[in-house]
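See below for the structure under consideration.
The values are calculated or read from the model by the stated rules, or taken from the named source; none is laboratory data. As the structure is a computational prediction, the values presented were derived from the model and not from experiment. We place every Cβ from the backbone using ideal geometry, glycine too, and count neighbours over all the protein chains shown.
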Amino acid sequence: MRIVVTGREGQVVRSLLERGPVAGHEVIALGRPELDLAGDAAAIVNAVESARVDVIVSAAAYTAVDKAESDSDAAFAVNADGPGAVAKAARKLGVPLIHLSTDYVFDGSKDAPYVEDDMPAPTGVYGASKLAGEEVVLATHANVAILRTAWVYSPFGANFVKTILRLAGDREEVGVVSDQRGNPTSALDIADGVLAVAANLVANNDRALRGTFHMTATGAASWAEFAEEVFAASAAVGGPTARVRHIGTADYPTPVKRPANSRLDSTKLADIHGVRLPHWRLSTAEVVGRLVAANETEGAPTT
């Protein structure tokens, strides 16, 4: 397959650029200046159309969760208007579109993992803009699979795993929130999942393969448990480690309320697409091993 993915530096984009060729696919990353999701819609359509592809992956996004509260116009331009233009291009080309979304479309108040039919209720601008993106994409193009994911980390960019390892380099104990739970999900696994879903969409016109799906790692953890696993994996390969002090959300205030429950149920994806991502502990060990080997343990936390 020939795949265009929006963005250049995002964790999923870079993971697709790595995993795609290994699986025998050509992956083309389109980002600024050629493609600016906050720019003119016609220019976005033209940029995507010129690539002549089999599948389009809408991965670029405005992900500054707290900053979005004071920068809502930019968040909605990138997370809603931009994907709408990309969906229009996919419709004109007659090719499938995979659009990546987030657990932040939910408010986190549910006791169990969220399923696709649960009512979205974003609590901040970021989540609202991502939900608007889902809605405009589905309204624009029928041949779409929306994949919601969460707690993304990888060997690339800025993310929680890199930050935790960096902190362990200069302190013996790190305070980490323990009353928020989710599915830590490797962008490398997301890339593999996206490629599998893309192949299904290209090969089969079944309407069941379209729509909204959750795609996260198997298993769940709190941020504190995730940090403990990161340190265990790091210690196993001679990397930095520290004790984890469990703290509450109230002890680490942020401008936007984080969902207490970010767990997503990915059963539908497994049943319909045959895609099930690995357990988060296995993928954590893989990513930490790569980071320690490359001595890349810097970054800022993202969720």
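Any residue at all in segment 79-88 that is among the basic types (Lys, Arg) and surrounded by fewer than 16 Cβ atoms within 10 Å (Cβ to Cβ)? No, segment 79-88 contains no residue that is among the basic types (Lys, Arg) and surrounded by fewer than 16 Cβ atoms within 10 Å (Cβ to Cβ).
Checking each residue in segment 172-225 for being under 13 Å from the mean Cα position of the chain (by Cα) and among the charged types (D, E, K, R) picks out 189, 192.
Which of the helices (runs of 4 or more DSSP H) contained wholly in segment 172-275 include at least 1 residues that are farther than 24 Å from residue 12 by Cα?
Here the list reads 223-236.
Selection over segment 203-261 of residues that are at pLDDT below 95 and among the hydroxyl-bearing types (Ser, Thr, Tyr) gives a count of 3. Looking at segment 35-49, which of its residues are of a type outside the set (Gly, Ala, Ser), modelled with pLDDT of 80 or more and over 11 Å from residue 81 (Cβ atoms)? Hit for segment 35-49 is 46, nothing else. Do we have any residue at all in segment 94-105 that's over 17 Å from residue 255 (Cβ atoms) and over 20 Å from the mean Cα position of the chain (by Cα)? Yes, there is a match, as at least one residue in segment 94-105 is over 17 Å from residue 255 (Cβ atoms) and over 20 Å from the mean Cα position of the chain (by Cα). Contact annotation: residue pairs with Cβ atoms under 6 Å, 6 or more positions apart or on different chains, pairing a residue in segment 13-39 that is touching a residue at least 24 places away in the same chain (Cβ under 8 Å) with a partner that is hydroxyl-bearing (Ser, Thr, Tyr), are 15/154; 30/6.
So which residues in segment 89-124 are surrounded by 23 or more Cβ atoms within 10 Å (Cβ to Cβ) and assigned to a helix (DSSP H, G or I), if there are any at all? Of everything in segment 89-124, those that are surrounded by 23 or more Cβ atoms within 10 Å (Cβ to Cβ) and assigned to a helix (DSSP H, G or I) turn out to be 89, 90, 103, 104, 105. Among the listed residues 273, 279, which satisfies the condition of being touching a residue at least 40 places away in the same chain (Cβ under 8 Å), over 18 Å from residue 179 (Cβ atoms) and touching a Leu at 6+ places or on another chain (Cβ under 8 Å)? Matching residue, one of 273, 279: 273. Just to be sure before I move on: is residue 54 touching a strand residue (DSSP E or B) at 6+ places or on another chain (Cβ under 8 Å) and either over 24 Å from residue 216 (Cα atoms) or not acidic (Asp, Glu) (or both) in the structure I sent? Against the criterion (touching a strand residue (DSSP E or B) at 6+ places or on another chain (Cβ under 8 Å) and either over 24 Å from residue 216 (Cα atoms) or not acidic (Asp, Glu) (or both)), residue 54 qualifies. The residue that is surrounded by the most Cβ atoms within 10 Å (Cβ to Cβ), counting only those in segment 1-34 that are farther than 17 Å from residue 197 by Cα and over 20 Å from the mean Cα position of the chain (by Cα), is 34.
Scanning segment 36-51 for residues that are more than 16 Å from residue 99 (Cα to Cα) and in contact with a strand residue (DSSP E or B) (Cβ under 7 Å, 6 or more places away or on another chain) yields a total of 2. Apart from one condition, residue 132 fits all of (1) within 24 Å of residue 74 (Cα to Cα); (2) small (Gly, Ala, Ser); (3) in a strand (DSSP E or B); the exception is (3).
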